[in-house]
Amino acid sequence: MTHHETEAETVYGIMAEFEHEEDVLEAAEAAYARGYRAMDAFSPHPVEGLAEAIGFHKNRVALVVLLGGLTGGLSGFFMQWYTAAVEYPFDVGGRPYFSWPAFIPITFEMTVLFAAISGVVGLILLNGLPRPYHPAFNAANFATASTDGFFLCIQSDDPMFEAEAVQAFLTEFEPKSLSVVPL
Amino acid sequence: MSKPESISFDEASREKLETLQRNASIAGVVGLGVLLGAWVVAPSTFYPAYLIGFMFWWGIALGSCGLVLLHHLVGGSWGVPLRRPLEAAAMTILPLALLYIPLAIGIQTLYPWAKHVPEGAHEHLSPWLDQSFFLGRAAGYFVFWSLLALAVNLWSSEQDGRTDHAPSRRLGVIAGPAAVFLFTSASFGAIDWVMTLEPHWTSTIFGAMLCIGGLLSTLAAMAIVLRQLSGCNGISQKITPDRLHDLGNLMLAFTMLWAYFSFSQFLIIWSGNLSEEIPWYLRRSRGGWEFFVVALMFFHFLTPFFILLNREGKRRTRYLALAATWILVMRVVDLTWLIAPATNDLNSPRFAWGTVILGIPAVVGVGGICVAFFLSRLKRQPLVPLNDANVVAALERAGG
């Protein structure tokens, strides 16, 4: 399998360009049915069902947001308890030092703030950003993925990857262009 | 624009529906029978209990009407499977208008201001809390709400039979102002019927808080309706995961909004710590009611909040209907907590066992009548509106 290994070292994958979203969806579904797993699709707008078609079901952004929210809420509550009841006890109108109802608005705001920030930061990091170089940009016409092109890339790290077979497979869907993407 | 196919119940579902309707009627009659007995034996226990049942279903009737108006205003795919159930539920304001009569009869037992006219420092309340003005207002509310329910139902059926969009356009024109007046009048109703149980206490957020609670009940009730409808051919294809997801998100939003309103009222009164305001909360946190407070925090807010965070769950009818059942039970607990302790004596706080227990046949009795009426409306029309611009647009976007 030396042939395969050298290929994996120099080739990122085979990229097919399509003109219509139905075409990329069809190709993605067929590729998944054929057994390819390491693939990615690129489109200028969200294509309904495309993420599922390439086998992408779950991301961990929701978990990150939940943990961020819990962290924010708990630390906000703790901060108020510690300052108002422990470190600098302050009598407000004869109320108990630990007046939890008064702590709720800040706790809520901190929950929202931390959940929102961890959502944005988590989204960026989980997407592998910031990333100045990505091999996908070596593909022909790839800039149109931001305007009107739809792309499907079967990657060389797929166990089933063989350049000729993948090229032949993708040609069946009559792509507008087909390119071998160097690493 | 293409004409969507007409969807109605098939034979099997229709039979199930007839059984359900019969059972609901029986439950209604039995529940109201129990209440009639209680009324003879202990009227002062009966009236607040009956008010709990009445306010619960009143919130759903008006909430449904409000959501129909909202759909006429903003459109959207969420309304495709919900429009007809919401319209049918809005019509239950007609039986509810009749079911209000016992409360009108019991005005002297239920409301302290009706027995003793407010005087002294509270004299300024007397023009508003005047028995005939109070009943006149109630009649006015019911006339307005009934006319609104009739308008959204009759014009919507009229639209089914024609291809020009005149009835839809009419509804689009009235929807904005009608929604404003509906919310305002519902807030007035809540203040009149529940807040004046303790006439010396006021809270400006009270009416809105009950309206939000009613909307939450409505969304939960609709999740259960969709669960039932998902077993029926035709309509089941319209109950897509995305539309369930929308409904689940709305339930989550209103759960949070309910908590926000309820807590704001408490926080402001707790911070102010004024002797004319805090007794309302003291009555509701002594003599066993403190357990209701804890239950409301944990089971009316925190539990549904975390249940409804689950994305996959919200896309399934079974999960959503279970969450909805939980919420509806907690809505009854909330209304019980708002209404039953109104007469709690702070010097010797007691738990109003009679009212709490009688609240159950009240919810079942009023509910049985409303559900039977709702089902009889629902089966008379196509389950998805035909030729309605908003619905057609949503169906075209979804590809049928």
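Figures for the structure shown
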{"read-out": "Of all residues making up the range A:149-182, the number that are surrounded by fewer than 17 Cβ atoms within 10 Å (Cβ to Cβ) and part of a strand (DSSP E or B)", "value": "2"}
{"read-out": "Unique match (being among the small types (Gly, Ala, Ser), within 14 Å of chain B (Cβ to nearest Cβ) and either open to solvent by 70 Å² or more (accessible area, probe 1.4 Å) or touching a residue at least 12 places away in the same chain (Cβ under 8 Å) (or both)) among A:Ala62, A:Ala41", "value": "A:Ala62"}
{"read-out": "Hits in the range B:216-270 - residues which are over 23 Å from the mean Cα position of the chain (by Cα) and of a type in the set (D, E, K, R)", "value": "B:Lys238, B:Asp242"}
{"read-out": "Residues that are surrounded by fewer than 17 Cβ atoms within 10 Å (Cβ to Cβ) and either in contact (Cβ under 8 Å) with a residue 12 or more places away in the chain or within 13 Å of chain B (Cβ to nearest Cβ) (or both), drawn from the range A:82-97", "value": "A:Ala85, A:Val92, A:Gly93, A:Gly94, A:Arg95, A:Pro96, A:Tyr97"}
{"read-out": "Matching residues in the range A:94-148 - criterion: being outside any loop (DSSP other than H, G, I, E, B), among the hydrophobic types (A, V, I, L, M, F, W, C) and within 30 Å of A:Pro182 (Cβ to Cβ)", "value": "A:Leu123, A:Ile124, A:Leu125, A:Leu126, A:Ala136, A:Phe137, A:Phe142, A:Ala143, A:Ala145"}
{"read-out": "Residue that is nearest to B:Thr255 (Cα to Cα) [pool: residues in the range B:197-209 that are open to solvent by 10 Å² or more (accessible area, probe 1.4 Å) and in a helix (DSSP H, G or I)]", "value": "B:Met209"}
{"read-out": "Answer from A:Gly55, A:Gly13 - the residue that is surrounded by 12 or more Cβ atoms within 10 Å (Cβ to Cβ) and modelled with pLDDT of 85 or more", "value": "A:Gly13"}
{"read-out": "Flag if B:Asn310 is open to solvent by 70 Å² or more (accessible area, probe 1.4 Å) and out of contact with any helix residue (DSSP H, G or I) (no Cβ under 7 Å at 6 or more places or on another chain)", "value": "no"}
{"read-out": "Which numbered condition B:Gly367 misses (of (1) open to solvent by 10 Å² or more (accessible area, probe 1.4 Å); (2) under 24 Å from B:Gly214 (Cα atoms))", "value": "(1)"}
{"read-out": "Residue satisfying all of: in the range B:117-155; open to solvent by 60 Å² or more (accessible area, probe 1.4 Å) and outside any helix (DSSP H, G or I); farthest from B:Gly189 (Cα to Cα) among these", "value": "B:Glu119"}
{"read-out": "Any chance B:Thr355 is more than 14 Å from chain A (Cβ to nearest Cβ), crowded, with 24+ Cβ neighbours inside 10 Å and under 23 Å from B:Leu197 (Cα atoms)", "value": "yes"}
{"read-out": "Enumerated helices (runs of 4 or more DSSP H) restricted to the range B:295-343, each holding at least 3 residues that are touching a residue at least 60 places away in the same chain (Cβ under 8 Å) and more than 14 Å from chain A (Cβ to nearest Cβ)", "value": "B:317-339"}
{"read-out": "Failed condition for B:Leu282, given (1) touching a helix residue (DSSP H, G or I) at 6+ places or on another chain (Cβ under 9 Å); (2) within 25 Å of B:Thr45 (Cβ to Cβ)", "value": "(1)"}
{"read-out": "Set A:Ala136, A:Ala116: member being touching a helix residue (DSSP H, G or I) at 6+ places or on another chain (Cβ under 7 Å), small (Gly, Ala, Ser) and surrounded by 14 or more Cβ atoms within 10 Å (Cβ to Cβ)", "value": "A:Ala136"}
{"read-out": "Some residue of the range A:45-52 being touching a Gly at 6+ places or on another chain (Cβ under 7 Å) and within 12 Å of chain B (Cβ to nearest Cβ)", "value": "no"}
{"read-out": "Residue within the range B:380-387 that is crowded, with 20+ Cβ neighbours inside 10 Å and assigned to a helix (DSSP H, G or I) present", "value": "no"}
{"read-out": "Near pairs, Cβ below 9 angstrom, 6+ apart or cross-chain, from the range A:98-114 (at the interface with chain B (Cβ under 9 Å from one of its Cβ atoms)) to any residue that is of a type in the set (A, V, I, L, M, F, W, C) and surrounded by fewer than 16 Cβ atoms within 10 Å (Cβ to Cβ)", "value": "A:Ser99/A:Val92; A:Pro101/B:Leu267; A:Ala102/A:Val92; A:Ala102/B:Leu267; A:Ile104/B:Leu267; A:Pro105/B:Leu267"}
{"read-out": "Number of the condition not met by B:Ser126 [criteria: (1) of a type outside the set (Val, Ile, Thr); (2) closer than 20 Å to B:Ala342 by Cβ; (3) at pLDDT 90 or above]", "value": "(3)"}
{"read-out": "Residue match in the range B:83-102 (condition: polar (S, T, N, Q) and open to solvent by 20 Å² or more (accessible area, probe 1.4 Å))", "value": "no"}
{"read-out": "Selection status of B:Ser185, of a type outside the set (Val, Ile, Thr), in contact (Cβ under 8 Å) with a residue 12 or more places away in the chain and open to solvent by 10 Å² or more (accessible area, probe 1.4 Å)", "value": "yes"}
{"read-out": "Restricting the range B:245-280 to residues that are within 11 Å of chain A (Cβ to nearest Cβ) and of a type in the set (Phe, Trp, Tyr), the residue that is most open to solvent (accessible area, probe 1.4 Å)", "value": "B:Tyr260"}
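The values are calculated or read from the model by the stated rules, or taken from the named source; none is laboratory data. Everything quoted here is computed from the prediction, not taken from an experiment. No Cβ is skipped: glycine too gets one built from the backbone with ideal geometry, and neighbour counts run over all protein chains shown. When the accessible area is computed, the model is the full protein with side chains, heavy atoms only, and any ligands, DNA or RNA have been set aside. Shrake-Rupley method; radii C 1.70, N 1.55, O 1.52, S 1.80 Å.
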